[in-house]
Structure formats: structure tokens, C-alpha cells
1. Suppose we keep just the alpha-carbon trace of the chain; what are its Rg and Dmax in angstrom?
2. Once you have the Cα-Cα distance between ALA4 and GLU50, take 0.36 nm times their residue separation minus that, and quote the gain in nm to one decimal.
3. Label-point separation (nm) for VAL68 and THR128, each offset 7 Å from Cα along Cα-to-Cβ?
4. With every protein chain present, what is the per residue accessible area of the chain (1.4 Å probe, Å²)?
5. Which is the longest run of the chain containing none of the GluC sites (Glu not before Pro) found in DSSP loop states (not H, G, I, E, B) with at most 14 other C-beta atoms within 10 Å?
6. Share of the chain's accessible area from carbon and sulfur, percent, 1.4 Å?
7. Relative to the present Cα-Cα distance, how much length would full extension add between SER58 and THR217 at 0.36 nm per residue of separation?
8. Give me the distance in nm between label points sitting 7 Å out from Cα along the Cα-to-Cβ direction at THR158 and ARG234, one decimal.
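The values are calculated or read from the model by the stated rules, or taken from the named source; none is laboratory data. Please read these numbers as outputs of a predicted model, since none were measured by experiment. Heads up, the Cβs are rebuilt from the backbone with ideal geometry, glycines too, and the neighbour counts pull from every protein chain shown. Side chains included, ligands, DNA and RNA excluded: accessible areas come from the protein's heavy atoms. Shrake-Rupley method; radii C 1.70, N 1.55, O 1.52, S 1.80 Å.
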Amino acid sequence: VAGATGYHVKRATVSGGPYTTFAAGVSGTSYSDTGLPAETTYYYVVSAIEDGGQSPDSPEASATTPVVYTMAPVADAYVENTSTNLWVKNSSGAPVRNAYLTFDVHALTNVQSATLTLTANRVDGAGTLYYGLAPTNWSENAITWNNQPGGTGVFLFTNIVSATGQVVFDVTSALASQAANGGLFSIEITQQANSGNELIQFCSRESAIPSLRPVLTYVLPANTPPTLATITNRTI
């Protein structure tokens, strides 16, 4: 609004109000309303602050919050031996280690957004890691160095892990593609060859602390249940 010095954002849980001002004096022309319950519809109006007063409310707009789901991998391993962690290392003075994860994403062809969260619980020096799509023809209990599937040549992202803690990646596009092509989303984590001791260890799905396990977090479109026409009275 020309001459406006700010805006009041107002919200209601029913169309037409009554509205409650929950963000007063917002500068700019955008605002994010966060931390709301899932699958709930909210109704909004905005008024402008101008000439020391407040304009009438804008037309009403509405939005429904999505449901956020989480998923654990169906398999994860690294190719040196069985462990409750996922090791990645490529050093001239120690065995090379590559890690793998697989998620079953058959039902996520209409995913709106998705992130992968890994928790590093041991970092021996800052290491650059590469995350790429992997073939799905491996199993957690049978994978070895000699039969590891390797990568497909499709890299998803890279990062430098220099401290313990969570790392989060947006995997929306790759996940949606894999959901529509086979339904399994398999990832290989590797490291460039180095002469140092840059070992990176992520918690696996067998971690004793659930919050440290790998997790896929995703959002699906809000469910719209079908509606039936009103059944009229009948005489039997």
C-alpha cells in the first residue's frame, strides 16, 4: 500500500473471523507463519498502518498446514564390517570405507519436499564427502567390499564435515525421481582419496539413541477427503 509504514497480520480458524492480530507492525510485504499444528486450515487478513491509523482489512486468504512425516532407512551399512555406525574414509594408510543407505519411497511419488538428516558422531579431521545415487541391488547383511554396488555416477551433493552434529540435505528432486522409478532411494557416501586421517562416522539405524539415527523427513499434499451429496429423505 502506498505510504504504508507496516502491516498487521491477523489470523482466524474459521472463515470470516473473528481475527486475532498475531504479527503487528510487519515491515515488507511477506511474512511466514510457522510452528502451527498439521492439517489445520487458517484464515488471514492484513491491514496497513498509514497516517497514524490502520486501513480496513484486506480480502481473506486461507492456507492449510501440511503433515510432516519421517522415515528410517530400510538398510544401511558400510563395507568394512558390521557396526552401529556408518564409516566413511579414504586414506592411503588405512582401509577405504564407503557407506550406503536405502529408503523405501514407493508411496512418495507426490512428495512436496524431503530432507535427509545424518548425525556425525565422530570426525577425525575435516573431510569432504560425496553423496550420490547408488544401485539398489545390495542388502545390509550381505554387502562386502567385493560386492558393493558402487555409485551410479549421479552425484546429489557434497559437503565438508568438520565437527560432530547433524547435517541436513534437500533430496526432494532425487527422491521423487526414484519413487517413480523402482521405489527405492539408495545413497552411497564416499570420500576423495587423501593422505590424512579424515575419518567421518555417522550414526546408523541401529544406534541406541533414536534421535541420532538417519531420517528422511518429507511433506505430502494435504489429504482432501471425498464429499458426498446430501441424501434426501426417503419413504420406505
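1. 24.9, 88
2. So the chain would gain 16.1 nm between ALA4 and GLU50.
3. 3.2
4. 55
5. Excluding the exposed sites themselves, the longest stretch runs over 40-205.
6. 51
7. Result for the pair: 53.7 nm of gain on full extension.
8. Label at THR158, label at ARG234, 6.8 nm between them.
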